[in-house]
Amino acid sequence: MNDFIKKLQAIVGEAFVSAEPEERYLYSMDQGTMPPAAPDAVAMPETADQVAQIVRLANAHKVPLVPMGGGLVLSGLTRALKGGVIVDMKRMDRIIEVNPVSRYAVVEAGVTQGVLKAYLSKHHPGLKHSMPDAPPAATIAGNVCIHGSGHLSVLGGFHSDMLTGLEAVLPTGEIVRTGSCSVSPQWFSRAPLPDLSGLFLGWSGTTGIITKLGIRLFPNYRYNDVLIYVSETADLMPEIISRFTGVQVAEDMTPWMTPKPDWARGFFHINVAFGAHSKKELIFKRNLLQESVRSITDTGAAGFLPIPPVQKSRFMEIPSPDLARFADARKGGGFEYVGAIMAVERFAEAYRRGTEIAEKHHTTYSLGARIIGAGHAMMFFFAYAFNRADAEDVGRAAEALEETNRACLEMGGIPWKAEAPAQKEILKRMDPNTVSFMNRLRDTLDPNRIMNPGNWEV
């Protein structure tokens with residue numbers, strides 16, 4: 001390994017490679033419940049060419065590589081399950097282009113959500129990108145890779161749906177581009193070409209390392225508002241979601257259910273965020289949303305929660321601070337959730353299963369969802385906070401997460417950014433021909449299986 005480290009240093013510089021125990025410890029885990037798995041070393045490339053050189057070197061020595069963005073995935077996807085080198089992409093942090101007319105941005109893989117938001121605010125205040133409710137240090141590329149979602153997902157779908165093209169280093173060290181940028185100097189679309197981008201989405205870094213990507217941008221409205229609709233029963237929520245998404249003016253819709261604060265206990269809330277260029281347009285959109293659920297409101301089973309203007313800002317912060325507050329509920333810095341991608345009609349069943357699991361394992365919980373597209377799917381989350389310094393508390397949360405993953409699959413959903421054990425559960429239920437196809441693809445792309453081994457393997 002010493003000889004290998006020296007060759008890594010020759011590629012990226014001595015200051016950007018470490019095999020010291022401190023770094024190996026820090027890179028061995030994330031904030032979730034998965035046990036540590038330390039790498040042999042960490043390297044921080046600055047260019048796609050350096051990434052390609054690292055990959056070729058690793059192939060020659062058959063050393064595993066684990067690509068990493070912000071390291072905030074929570075489900076342990078950037079742990080070095082079979083040792084090797086974590087390739088930390090944070091030095092590749094350049095915003096290369098913003099096209100204000102075709103509304104897309106091209107960024108390197110280490111650009112964070114917070115940096116792009118600040119850049120657009122300063123240089124293109126009329127534009128914004130869809131941000132997840134994650135810390136600002138989360139990377140754009142990492143979230144796209146895991147099929148993340150954000151505050152514009154009712155408009156644009158999953159963040160991977162907003163991808164316009166990418167550049168990646170294959171496990172063999174070749175640099176390839178997908179989408180319009182493979183033909184044109186512009187990164188406007190993945191269509192109409194054969195869509196190769198999917199080879200790098202949802203694969204947990206097992207098929208290559210993304211070094212650059214294009215994403216869609218959206219209008220940043222001058223006027224913004226949020227409505228909160230409250231139902232007494234979970235069974236009404238799919239109909240409410242269908243009504244709101246049917247008028248297609250909302251940017252984001254996030255149902256939430258929590259036992260704290262006391263006034264929220266037992267009710268089903270849904271935040272509906274929307275924006276407009278003018279006050280007149282904003283009122284028009286608000287009226288459309290209110291009218292869409294009028295027949296339900298008139299029954300008295302649900303209604304809009306009055307919110308004083310001064311309190312609305314809390315519900316309009318992007319990213320939402322609520323999950324961060326919940327993450328510290330146990331005062332131990334531990335937080336993880338199962339995000340199940342599932343059909344909207346499963347809402348009531350998901351809620352009931354989630355509360356049953358939380359009560360069974362005596363965990364602190366928060367349940368909610370983000371609506372994807374015009375009600376085409378939802379990311380239903382079952383969040384558990386725990387005290388990392390309390391082994392029993394960590395164990396209870398881990399057991400709740402494992403049971404939740406199984407419950408998601410039983411309900412016909414699919415765990416999102418699944419931990420390695422949950423990946424195995426998914427593979428067990430997957431069509432055998434699809435599993436075989438995935439394995440043949442990996443064998444073709446990565447014959448030495450150096451890319452993030454231990455993930456998506458039975």
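The values are calculated or read from the model by the stated rules, or taken from the named source; none is laboratory data. Predicted model, so just to flag it, every value in this text is computed and none were measured. Ideal geometry is used to build each Cβ from the backbone, glycine not excepted, and the neighbour counts take in all protein chains shown. What goes into the accessible areas is simple: the full protein's heavy atoms, side chains included, and nothing from ligands, DNA or RNA. Shrake-Rupley method; radii C 1.70, N 1.55, O 1.52, S 1.80 Å.
As I understand it, the value is the acute angle between the Cα axis of helix 279-292 and the longest principal axis of the Cα atoms of the chain; what does it come to in degrees, rounded to 10?
Helix 279-292 sits at roughly 80 degrees to that axis.
For region 52-127, which whole-number percentage of the solvent-accessible area (1.4 Å probe, protein heavy atoms only) is attributable to carbon and sulfur atoms? Mind showing how you got there, number by number?
Details: 1530 of 2850 Å².
Carbon plus sulfur share of accessible area: 54 percent.
Obtain the radius of gyration and the Kirkwood radius of region 164-303 from its C-alpha atoms and give Rg over Rh. It would help to have the intermediate numbers written out before the result.
Working: Rg = 21.4 Å, Rh = 18.5 Å.
That ratio is 1.15, to two decimals.
Counting only heavy atoms of the protein chains, get the accessible area per residue of region 311-458 (1.4 Å probe) and round it to a whole Å² value.
Details: 6640 Å² over 148 residues.
Ligands and nucleic acids excluded, the figure is 45 Å² per residue.
Apply 1/(1 + (r/R0)^6) to the Cβ-Cβ distance of T299 and E20, taking R0 = 56 Å, and write down the FRET efficiency to the nearest 0.05. Intermediate results must be reported in sequence, preceding the final value.
On the way: r = 64 Å, r/R0 = 1.15.
So, using R0 = 56 Å, E works out to roughly 0.30.
By how many degrees, 0 to 90 and rounded to 10, does the Cα axis of helix 237-246 deviate from the longest principal axis of the chain?
80
Counting only the heavy atoms of the protein chains, how much of D393 is accessible to a 1.4 Å probe, in Å² to the nearest 10?
10
With the Cα gyration tensor of region 325-458 giving a ≥ b ≥ c as the square roots of its eigenvalues, does the rule (a/c under 1.5 for rounded; else a/b larger than b/c for prolate; else oblate) give rounded, prolate or oblate?
Details: a/c = 2.24, a/b = 1.42, b/c = 1.58.
It comes out oblate by the Cα gyration axes.
Can you put Y119, Y337 in order of accessible area, largest first, using a 1.4 Å probe?
On the way: Y119 80, Y337 40 Å².
Most to least solvent-accessible, the answer reads Y119, Y337.
What do you reckon, how do H124, H362, H159 stack up by accessible area (1.4 Å probe), largest on top? Write down the numbers at each step before the final one.
On the way: H124 45, H362 135, H159 10 Å².
These residues rank, largest area first, as H362, H124, H159.
To the nearest 500 deg cm²/dmol, what mean residue ellipticity at 222 nm is calculated for the chain from DSSP H runs of n ≥ 4 alone, each contributing -39,500 (n - 2.57), summed and divided by the residues? Present the calculation step by step, with values, prior to reporting the outcome.
Numbers: 15 runs with 153 residues, N = 458.
After summing the helix terms and dividing by residue count, I get -10000 deg cm²/dmol.
Please work out the FRET efficiency for the pair M411 and S184, using the Cβ-Cβ distance as r and a Förster radius of 35 Å; give the result to the nearest 0.05.
Working from the Cβ atoms, E equals 0.25.
Run the 1.4 Å probe and let me know the accessible area of E399, rounded to the nearest 10 Å².
Approximately 100 Å² of E399 is accessible to the 1.4 Å probe.
Provide the gained length on full extension for the span N224 to K260, in nm with one decimal, where the gain is 0.36 nm per separating residue minus the Cα-Cα distance. Spell out each step's value before the answer.
Working: separation 36, 0.36 × 36 = 12.96 nm, distance 2.68 nm.
Result: 10.3 nm gained on full extension.
Leaving ligands, DNA and RNA out of it, rank V249, V101, V169 by accessible area with a 1.4 Å probe, largest first. Please report the intermediate quantities before stating the final value.
Working: V249 20, V101 130, V169 0 Å².
In descending accessible area the options line up as V101, V249, V169.
Could you pull the accessible area for T444 with a 1.4 Å probe, rounded to 10 Å²?
The accessible area comes out at roughly 110 Å².
Return the FRET efficiency for the residue pair A374, V310: r is the Cβ-Cβ distance, R0 is 30 Å, and the value is rounded to the nearest 0.05. Display every interim value, and only then the final one.
Working: r = 32 Å, r/R0 = 1.06.
That pair, A374 with V310, gives E of 0.40.
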